[in-house]
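To start, the structure under review is shown below, and the notes come after it.
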Amino acid sequence: MSDQPIAAWTGPWKPTAEWGGAYSGVMVDTTEELWDIHDRMPVILHPDEHETDIRLDMEPERDAIYYEQLAHVARLKGSATDDPFLAIRLREAAIRHERMARKLRRDSA
């Protein structure tokens, strides 16, 4: 990357009331050459991808991922509880979250 005037690391950004602009970098598994340093590395964009990445609307995708994570946690907690009523409620919540995630993905496609 030393021959490039600028390097860009992709990830979602959004304004927040508490922190101002908040950014999260997208990471992938590292290459074999870097295993001794770290097991993850940032997704570095090619210069031709900078403008597309800046203009990309990630909000629907971010929301879909959020609901998928909620569903996953609800299923885990539902499997771990000994309370049958709570287990049913958590499974129902997981289904609602999964449906919302699918709707968000479908609407953004």
- Please state the Cα pair-distance histogram of region 13-71 with 5 angstrom bins from zero: what percent is in each bin? 4, 13, 14, 21, 20, 16, 9, 2, 0
- Message: Check which residues have an amide H placed less than 5 Å from Val26's amide H, if you skip close sequence neighbours.
- Response: Thr10, Gly11, Val43
- At q = 0.22 Å⁻¹, what log₁₀ I(q)/I(0) does a Debye calculation on the Cα points of the chain give, no solvent, two decimals? -1.14
- In region 12-109, the GluC sites (Glu not before Pro) that sit in a DSSP loop and have at most 14 other Cβ atoms within 10 Å of their own Cβ are Glu18
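Here, each number is a calculation from the coordinates, and none is a lab measurement. Everything numeric in this text was worked out from a predicted model, so none of it was measured. All Cβ positions, even for glycine, are placed from backbone atoms using ideal geometry, and neighbour counts span all protein chains on display.
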